[in-house]
1. Under the condition of being of a type outside the set (Gly, Ala, Ser) and closer than 15 Å to residue 446 by Cβ, which residue from the range 258-277 is surrounded by the fewest Cβ atoms within 10 Å (Cβ to Cβ)?
2. Which of the residues that make up the range 278-309 are β-branched (Val, Ile, Thr) and either without any contact (Cβ under 8 Å) to a residue 12 or more places away in the chain or buried (at least 17 other Cβ atoms within 10 Å of the Cβ) (or both)?
3. Taking the conditions exactly as written (exposed (fewer than 13 other Cβ atoms within 10 Å of the Cβ), at pLDDT 85 or above and not aliphatic (A, V, I, L, M)), does residue 445 satisfy them or not?
4. Touching a strand residue (DSSP E or B) at 6+ places or on another chain (Cβ under 7 Å), surrounded by fewer than 15 Cβ atoms within 10 Å (Cβ to Cβ) and without any contact (Cβ under 8 Å) to a residue 12 or more places away in the chain: does that describe residue 200?
5. Looking at the range 242-252, which of the residues that are out of contact with any helix residue (DSSP H, G or I) (no Cβ under 8 Å at 6 or more places or on another chain) and touching a residue at least 24 places away in the same chain (Cβ under 8 Å) is surrounded by the most Cβ atoms within 10 Å (Cβ to Cβ)?
6. What single numbered condition from (1) among the aliphatic types (A, V, I, L, M); (2) within 25 Å of the chain's Cα centre (by Cα); (3) within 24 Å of residue 426 (Cα to Cα) fails to hold for residue 348?
7. Sort out which residues of the range 522-555 are of a type in the set (Phe, Trp, Tyr) and either closer than 22 Å to residue 160 by Cα or surrounded by fewer than 24 Cβ atoms within 10 Å (Cβ to Cβ) (or both), and write them in order of number.
Amino acid sequence: MPLGFTINTLTLFGFVLAIGIVVDDAIVVVEASLALLESGKRSVKEAVEEAMGQISGPVIAMSLIVAAVFIPVGFIPGIVGRLYLQFAMAIAVSGLISGFVALSLTPALCVMLLKPIKKEEKSVLAGFFTAFNRGFDRFQGLFQSGMRRGLRRTPIALGVLVLLALATVGMFSLKSTGFIPTEDEGRLFITFELPEGASTRRTLTAIQKLMEYLDEQEEVLHYSGVTGLNAVNFATKTSAGTVFTQLQPWDKRTGKGQGAFTVKARMERELATLLPEANVVIIAPAAIPGLGSTAGFTFNLQALDATGSVKDFENNLQAFLAELREDEAIGNAFSFFSASTPALRYNLDREKTAGLGLSIGQVYEALQVYSGSLYVNDFILYNRNFRVIVQADSAFRRSEEDLRRLFVQSPDGSRVPLSSLFEVERIEQAPLITHFNLFRSAAINGESAPGKSSGDAIAALERRAAALLPAGYSYSFSGISREEVAAGSATFFIFTLSILMVFLCLTALYESWSLPFTVLFVLPVGAFGAILTLLLFPSLDNNVYAQIGLLTLVGLTAKNAILIVEYAKALEEKGEGTLRAVLTAFQLRFRPIVMTSLAFIFGVLPLAFATGAGALARQTIGWTVFGGMLAATLLTLVFVPTLYVVIAKGRGSGKAA
């Protein structure tokens, strides 16, 4: 609330992930206290006091690292910064508070609640704990054996780490990218257009058939139809219509084939048969309200030369659309731009008009009053304002022949038929011409093909445009597509800034420029697990939510490494050899690292298996951090000791074991 946030999807994501993060510091305190208490040489109070002396530094460092990763994100401008901001601040503040609680409340609770474990005690619970500890000790022994092999074969361990980093880069290039996943929001827009020039009555008949069809669909809760409106480009024309459809709640659409996009595909097939004369398009709403009117991409074809004809522009547009529909990355591409609407052009005989003593303005005003409309004034009646607009009745302006019954008064008082002053010509024209960045443009909307992401579709559009657009034509993206293109460099900047802040914090903590690389060099391990998991789920893209998960992994992977590095450094400063120090740190910190990681991994499983509204976003972030944290936990324990020894020797501080 102090920052002006609301309880929304992004803040809730932050809270869910924070649940796994905030218990980390407390687990470290409890584990360290319990390990000293089990030795049997200390009272509970003495064990807690000694444990706090050992782990206060790492707890402070871990809390600061979480803040260092996320707080800089709050200063990123634009829509990407707004998407990251609420999530980042929720995590950062939670991490700082958890560090404070771990250093103040948790030690007091440990003194009150912990008690020496009596090994001779026999109970079901004691038997479970004994069996669990035996299994955990064997698990730790396997890791310790692998870690010792890494220390003995340093070049091989470093080579494996480099290969993991290269594999991570390669897998990121293979995974489809996106921006905001298009969710099942339970709403669909059904827009159609009849052939150009179709009457309002014909449009009413078509929309009536459409609504009767929707009445038979069990997935549809209710709908509202509007004639004369195209909801994609918001053009008003007699041949267009839109039906805004609300589907049943998600808990009533749990059967196979009842998802919004499955229903959409089925309706498109059936409506093509029901309304063969209409161009029917079914679209989902935009993922972020205000960024476009529809989901999918929005590509604006632009004519840089304003002197070209509108008909040529339409021909080039249709040729480009035909090529787009052949691209495997694009599932559908359409545009409602048309330059084929039938119209009448009235060519005025100016010489004859002047000869009859008529002014051009007078003649055009008469034509406007009869065929179009003309605002006269307002008047007040019954305390209400009424606007006066004059226009000939529809029975007298149905065809060009009606012009013979329309007259204008000459200066001598005689009536001159308008048909004697105009030559009528039948033409085709565009009912609506839009401009984007001052240039004549036509919006191309569409969506990516099944199995492809929005990033794939945007790349295909750029590739096709570069190869096919004639001279004098260009393009621009708008809506959510524009933000996705702009977010490409912002994502790189965010991760670079976060890693830089982590490096500076570790440098200040260790008072060394080289030791922080022990932590930084294992960060790709978390990214390796995350991208590998995403590759196993083709329905999930490398989008904003996945990148939020990767950002979380930066802080969590660094926290695990800090627990080992901080204690090994403290032992070295007391005179221990480098190898002995890192082995001791590994043995003492293995349990808290594994337990904190397991707490976080189990904490994100509800996100990974989410269903219902917004499920795709939750699944993306859930599986990203699940796979990344699993890999970071397993591999960090192997590589951090090796990196610590190598870097310690490289900076000349390494001592014999």
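The values are calculated or read from the model by the stated rules, or taken from the named source; none is laboratory data. All values reported here derive from a predicted model rather than from experimental measurement. Cβ atoms come from the backbone with ideal geometry, glycine included; neighbour counts cover every protein chain shown.
1. Per the criteria, the residue is 268.
2. Passing the criteria: 280, 281, 282, 283, 294, 298, 307.
3. no
4. Taking the combined requirement at face value, the residue does not satisfy it.
5. Among residues in the range 242-252 that are out of contact with any helix residue (DSSP H, G or I) (no Cβ under 8 Å at 6 or more places or on another chain) and touching a residue at least 24 places away in the same chain (Cβ under 8 Å), the one surrounded by the most Cβ atoms within 10 Å (Cβ to Cβ) is 242.
6. All conditions pass for residue 348, except number (2).
7. Scanning the range 522-555 gives 528, 537.
Residues are listed down the side, and each one gets a yes or a no for (1) assigned by TED's automatic domain parsing to the domain that holds residue 462; (2) touching a Lys or Arg at 6+ places or on another chain (Cβ under 8 Å); (3) among the acidic types (Asp, Glu); (4) not in a loop (DSSP other than H, G, I, E, B):
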position	(1), (2), (3), (4)
265	yes, no, no, yes
268	yes, no, yes, yes
299	yes, no, no, yes
315	yes, no, no, yes
328	yes, yes, yes, no
